[in-house]
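Asks: Quick one: the structure is below, and I'll ask about it shortly.
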Amino acid sequence: MNAVSPLAEVLEGQHAAEVRRAARALLSEPLLFARGPHADAFRLVRRHAAELREWFDRNTGWPLQVDAGAARLRKMPGTSMDATHPAREATRGAAPFTRRRYVLLCLALAALERGEAQIALGRLAEQVVLDAADPQLMEAGVEFALERREERLDLAAVVRLLLRLGVLRRVAGDEDAYVSGTGDVLYDVERRVLAGLLATRRGPSLVQAADFEGRLAELAAETSLESDELRFRAIRHRLTRRLLDDPVLYYDELSDEELAYLTRQRAFILARITELTGLVAEVRAEGIALVDPHDELTDVRMPEQGTHGHITLLLAEHLAAATGPVTVGELQRRVRELAALHGGFWSKTATEPGAEVELVELAVAKLAALGLVTRATEGVRARPALARYAVGDIVVREAAVRGAATTGIPNMRKAKTS
């Protein structure tokens, strides 16, 4: 029996650590560039591109494209019905995109695809206005003149998102000047990035469905799955995508076929994911959560510092203790009660009359994005994973170290999203 040398063990460990860092970088930022803040991560991905490409293709069906300038993991969601992770402004406020901004984003991308290597924001706006005059868009109630400041703010938000994604590079000017009507902005168009931005199974021009849900389903539809092997592979892809993307995978959200496959292959699927990513699997009676001990692979954090983070945590505790759905009005009353107790530690605006409406909405949106609650007609209903935020009676035990004590409060770890 040949013993593995210490040097070989060290090299193997370094290789595994590099592949893990590269995979985590792609899951956090599916579009990496050779220059910029993620240059080191890009170099790791390029070094291990073949291994990463094979893993993602086998386990998720996500194609990985790597060249000298960029690495693009074409992620497809495990489910197209999750609306809790919208595109957001590339600003400190990070407000979610509205329907208008989504339409503007699509129109802007279409205009850039037809345009030159450079474009001014004013010229892009003119093209968007022309395209928005399409009869089908007008019939759907979509109208853009970009004459009002609010409309120009929407277009500026779209452009800033494209700047963050690397589709545009600012050459001169500033979006604020365009919004105020005092100036323009010039951009370089990164056509290679633009061409790789769309991640779909088929081109939008080939979609035949008329309604939104049908069109979305066709864009993400798998090829014909006639054999058992292809069908099981598609199930494995969907499950692995959801485990990587969703904070919690609940069994009651799966089809009978998916649940049966996961029951048989759970150990294999989780081992493959945890080995590559370093995520920790929490398996419970209701589902599975993959938690990131390094708190990197998440776009929604809980618990979180600040007023909003404190209020969300307190409402989570309140919802976890409830025996049924809690109405929004009841949650707002609870926030007013909490303001009387903790207002001295909150921001001034959070204690003003009427502030509870926005505070509750922000808290519920975050809890829903983390898979901890669902919205229903009768109110907000807790999901099983919210139990981790339920605080029970304090139990003081004899500690191993003199003067130390532990409590019965569960460990509050962050659920992972991407």
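Quick note: the coordinates plus some simple rules give every number you see, no bench work behind them. Computed from a predicted model, the values in this text were never measured in an experiment. Heads up, the Cβs are rebuilt from the backbone with ideal geometry, glycines too, and the neighbour counts pull from every protein chain shown.
Asks: First measure r as the distance between the Cβ atoms of E304 and R284, then evaluate 1/(1 + (r/R0)^6) with R0 = 25 Å and state the FRET efficiency to the nearest 0.05. The partial results should precede the final answer.
Replies: On the way: r = 23 Å, r/R0 = 0.93.
With R0 = 25 Å, the Cβ-Cβ based efficiency is 0.60.
Asks: Taking the Cα centre of region 35-98 as the origin, how large is its charge dipole in debye, to the nearest 20, when only Lys and Arg (+1) and Asp and Glu (-1) carry charge on their Cβ atoms?
Replies: Roughly 180 debye for region 35-98.
Asks: From largest to smallest, what semi-axes in whole angstrom does region 3-113 give when each is the square root of 5 times an eigenvalue of its alpha carbon gyration tensor?
Replies: One finds semi-axes of 34, 16, 14 Å for region 3-113.
Asks: Another question, then. Taking every pair of distinct Cα atoms and averaging 1/r, then inverting, what Kirkwood hydrodynamic radius in Å comes out for the chain? Walk me through the numbers before you get to the answer.
Replies: Numbers: mean 1/r = 0.0408 Å⁻¹.
One over the average 1/r among Cα pairs gives 24.5 Å for the chain.
Asks: Of the listed peptides 125-138, 100-113, what is their order by residue-averaged count of other C-beta atoms within 10 Å, with the highest listed first? Don't jump to the answer; show the numbers that get you there.
Replies: Details: 125-138: 14.4, 100-113: 18.4.
Output ranking for 125-138, 100-113: 100-113, 125-138.
Asks: Still on this structure: Determine the dipole magnitude for the chain: charges of +1 sit on the beta-carbon of Lys and Arg, -1 on that of Asp and Glu, nothing else is charged, the reference point is the Cα centre, and the result goes in debye to the nearest 20.
Replies: I would put it at about 940 debye.
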